[in-house]
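Report on the structure given below.
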Amino acid sequence: MTDSRPVARKDDVPIGTPIELGVNIDHVATVRQARRGHEPDPVWAAVEAELGGADGITVHLREDRRHINDDDVRRLRDIVQVKLNLEMAATDEMVAIALRVRPETAMLVPEGRNEVTTEGGLDVRGQRATLAPKIRALRDGGIRVSVFIDADPAQIEAARDLGAQVCEIHTGPYAHAFRAQGRDADAAAAERAKVAAAVALVRSLGMRFNAGHGLNYVNVGGIASIPGVRELHIGHAIVSRAVFVGLRNAVTEMKRLMREASAGT
Ligand code: PXP
């Protein structure tokens, strides 16, 4: 009799592990910084997000400290009981901070001083020489390394070559197409297909597949329903909805939509 159980894949996550939600709470700090004050506190936000069912808390410690600051990261490390994901530029300063703070995941992103939010994927292929020692140092420090890249096979292969364990694929193009032309538009379907092809490649190379950027309550199903997606990272839509329904409810609702879409596959 043949064994019909699915074969475990290389990324060491058992088949059937439910999709997870990492909540990006940078925007809570953005509101605080509007008054250079003490509230709202991103640490409170992390607790509320956890109570709503977040599987991870993500913060981007930017070079200019425009929202999250070093003290936030230190306090979050003490308080957060789920995974702490530190989004960061691949600089010596940030690597040193990550090695001190020891988040579960370091998410390497490109960073521009004038951008409103992260604008595109990291050019892993073009920056091999600079990224290689940073990725090695983080891994040697016991930190899982994720790279935020476009759904481009060349970038995915470069990420594997450099030892990244996770690819976070940029869903911004999908979100833009969806918003501009609606869920049934060819453009949104084409962008979703690129993400789906990236999932297949990332997993065949033995890495985990995460995704994020521009996902919201309306478009999230299209990405959560792709088999093999491990984790979604969502910030703006959740914090925006939290203004009206509270952060705990906003997180619970997003996770419900993700889990339903994922289970429907
Ligand atoms: N993933 C990465 C790498 C990001 O830079 C961001 C934005 O900070 C997100 C996910 C979340 O994007 P959004 O705020 O649009 O949900």
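Listed values, structure above:
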quantity: Test: residue in the range 75-84 that is among the polar types (S, T, N, Q), more than 16 Å from the ligand (Cβ to nearest atom), modelled with pLDDT under 95 and not in a helix (DSSP H, G or I); calculated: no
quantity: Output for the range 34-74, where each listed residue is more than 20 Å from GLU231 (Cα to Cα) and part of a helix (DSSP H, G or I); calculated: ALA34, PRO42, VAL43, TRP44, ASP70, ASP71, ASP72, VAL73, ARG74
quantity: Residue list for the range 40-68, filter: hydrophobic (A, V, I, L, M, F, W, C) and crowded, with 21+ Cβ neighbours inside 10 Å; calculated: ALA45, ALA46, ALA49, ALA54, ILE57, VAL59, LEU61, ILE68
quantity: Unique residue being within 18 Å of GLU87 (Cβ to Cβ), near the ligand (Cβ under 10 Å from one of its atoms), free of Cβ contacts under 8 Å to residues at least 60 places away in the same chain and touching a strand residue (DSSP E or B) at 6+ places or on another chain (Cβ under 7 Å) when the list is LEU232, LEU215; calculated: LEU215
quantity: Total residues in the range 10-41, condition at negative phi, acidic (Asp, Glu) and modelled with pLDDT under 95; calculated: 1
quantity: Test result for ASP41, away from the ligand (no atom under 15 Å from the Cβ) and either closer than 17 Å to ALA106 by Cα or more than 15 Å from the chain's Cα centre (by Cα) (or both); calculated: yes
quantity: Residue list for the range 163-200, restricted to those being under 23 Å from ILE143 (Cα atoms) and aliphatic (A, V, I, L, M); calculated: ALA164, VAL166, ILE169, VAL199
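The values are calculated or read from the model by the stated rules, or taken from the named source; none is laboratory data. Just so it is clear, the model here is predicted, and its values are computed rather than measured. In this analysis, Cβ positions are derived from the backbone assuming ideal geometry, glycine residues included, and neighbour counts consider all displayed protein chains.
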